[in-house]
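A.B. asks: Okay, handing you the structure first.
The values are calculated or read from the model by the stated rules, or taken from the named source; none is laboratory data. Predicted, not measured: the structure shown is a model, and the values here were computed from it. Virtual Cβ from ideal backbone geometry, glycine too; neighbours counted across all protein chains shown.
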Amino acid sequence: MQEYQSLNHTKWDCKYHVVWIPKYRKKALYGSMKKQLVPVISELARQKECKIIEGRLVADHVHMVISIPPKYAVAQVIGFMKGKSAIWVARMCGHKKNFTGQNFWARGYCVSTIGLDDETVREYVKRQEDEDRKLDQLKMFDEE
């Protein structure tokens, strides 16, 4: 069975596969910058109550599977992570590599949801009516 996380009135499991690239798809994510950027991105995710389940910084793009609480929009979290990490890049490496904060990452990103497969969810929904009927029949005996 899948483990769900909780907010006050919500059980949730919202996972996303996200990819974004440096501006002009420059091969800029390598060496010491790569090693230093990983904890920066992880900390930014933590600040938004998100968890990076799996992630890779490749020379010309970032790949991650991230769990985002339903109280945050995906665009809000990814925009925050890209914006703050770009500022970090400009401060730490800008003078060496000619990076400016607002221009390090390209605009946009790619995202897709990860979860139960379509067929499993459909079968679950179809069976709910039968399950409710069975529960109602069991409750009839409790009322007497």
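A.B. asks: Could you tell me whether LYS34 is loosely packed, with under 12 Cβ neighbours inside 10 Å and without any contact (Cβ under 8 Å) to a residue 60 or more places away in the chain? Working first, answer last.
C.D. replies: Numbers: loosely packed, with under 12 Cβ neighbours inside 10 Å: no; without any contact (Cβ under 8 Å) to a residue 60 or more places away in the chain: yes.
When the stated conditions are applied, LYS34 does not pass them.
A.B. asks: Another question about this same structure. Any idea which of SER85, SER112, SER32, SER42 is touching a helix residue (DSSP H, G or I) at 6+ places or on another chain (Cβ under 8 Å) and among the hydroxyl-bearing types (Ser, Thr, Tyr)?
C.D. replies: Criteria check complete, one pass: SER85.
A.B. asks: I'd like the full set of residues that are modelled with pLDDT of 90 or more and assigned to a helix (DSSP H, G or I), limited to region 93-108.
C.D. replies: None - no residue of region 93-108 is modelled with pLDDT of 90 or more and assigned to a helix (DSSP H, G or I), so the list stays empty.
A.B. asks: Just to be sure, is ILE53 over 20 Å from the mean Cα position of the chain (by Cα) and of a type in the set (A, V, I, L, M)?
C.D. replies: The answer is no for ILE53.
A.B. asks: What residue, of ALA28, ALA90, ALA45, is part of a loop (DSSP other than H, G, I, E, B), surrounded by 16 or more Cβ atoms within 10 Å (Cβ to Cβ) and either in contact with a strand residue (DSSP E or B) (Cβ under 6 Å, 6 or more places away or on another chain) or modelled with pLDDT under 95 (or both)?
C.D. replies: Checking each option against the conditions leaves just ALA28.
A.B. asks: Tell me, yes or no, whether region 60-82 has at least one residue that is modelled with pLDDT of 80 or more, surrounded by 15 or more Cβ atoms within 10 Å (Cβ to Cβ), closer than 17 Å to TYR30 by Cβ and out of contact with any strand residue (DSSP E or B) (no Cβ under 8 Å at 6 or more places or on another chain).
C.D. replies: No.
A.B. asks: Is at least one residue of region 61-83 without any contact (Cβ under 8 Å) to a residue 60 or more places away in the chain, assigned to a strand (DSSP E or B) and closer than 12 Å to TRP105 by Cβ?
C.D. replies: Restricting attention to region 61-83, the residues satisfying the condition of being without any contact (Cβ under 8 Å) to a residue 60 or more places away in the chain are 61-66, 68, 72-77, 79-81, 83.
Imposing the further condition that a residue be assigned to a strand (DSSP E or B) reduces the set to 61-66.
From what's left, closer than 12 Å to TRP105 by Cβ: 61-62.
Yes, some residue in region 61-83 is without any contact (Cβ under 8 Å) to a residue 60 or more places away in the chain, assigned to a strand (DSSP E or B) and closer than 12 Å to TRP105 by Cβ.
A.B. asks: So how many residues does region 4-25 have that are exposed (fewer than 13 other Cβ atoms within 10 Å of the Cβ) and not in a strand (DSSP E or B)?
C.D. replies: Selection size over region 4-25: 5.
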